[in-house]
Amino acid sequence: MPIHDLARFIARLLEIYTLIVLANALLSWFVFGTQNAVIRQIYWFTGRIVDPVLRPIRNVLQPASRNFGIDISPFILIILLQILARMLW
């Protein structure tokens with residue numbers, strides 16, 4: 001497999017992971033207000049994939065965003081993933 005194909009494959013994986021991060025962030029707004037088990041399961045599943053990567057970002061941002069009330073770590077992660085994917089293309 002040529003290195004160019006491998007870079008494109010990794011870039012595609014990063015794009016898929018970006019969609020998972022976005023889905024988890026959107027579901028976090030609704031999951032606690034719903035009794036829908038499917039939504040809760042999807043949120044739980046995406047959280048298990050996304051939370052280990054978000055945790056270090058949250059630890060860095062915590063002192064600055066303690067009184068902010070909004071978790072911006074998914075948005076920062078999406079930006080970082082997009083930069084990395086663009087570098088691979």
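Here are a few things to note about the model shown:
- Of the residues Gln41, Gln35, the single one that is outside any helix (DSSP H, G or I) and either open to solvent by 60 Å² or more (accessible area, probe 1.4 Å) or more than 24 Å from Leu80 (Cβ to Cβ) (or both) is Gln35.
- Residue within the range 61-74 that is surrounded by 10 or more Cβ atoms within 10 Å (Cβ to Cβ) and touching a Phe, Trp or Tyr at 6+ places or on another chain (Cβ under 8 Å) present: no
- The set of residues in the range 50-60 that are surrounded by 14 or more Cβ atoms within 10 Å (Cβ to Cβ) and farther than 17 Å from Phe30 by Cβ comprises Val53, Leu54, Ile57, Arg58.
- Hey, Leu13 open to solvent by 60 Å² or more (accessible area, probe 1.4 Å), in a helix (DSSP H, G or I), touching a residue at least 40 places away in the same chain (Cβ under 8 Å) and out of contact with any Ser or Thr (no Cβ under 8 Å at 6 or more places or on another chain) or not: no
- Against the numbered list (1) at pLDDT 90 or above; (2) open to solvent by 90 Å² or more (accessible area, probe 1.4 Å), Trp89 comes up short only at (1).
- No other residue among Arg86, Arg58 is within 29 Å of Ile3 (Cβ to Cβ), charged (D, E, K, R) and assigned to a helix (DSSP H, G or I) apart from Arg86.
The values are calculated or read from the model by the stated rules, or taken from the named source; none is laboratory data. Here the structure is a predicted model, which is why all the values come from computation and not from measurement. For neighbour counting, all protein chains shown are included, and Cβ atoms are generated from backbone atoms with ideal geometry for every residue, glycine included. Protein only, heavy atoms only, side chains kept; ligands, DNA and RNA dropped before computing areas. Shrake-Rupley method; radii C 1.70, N 1.55, O 1.52, S 1.80 Å.
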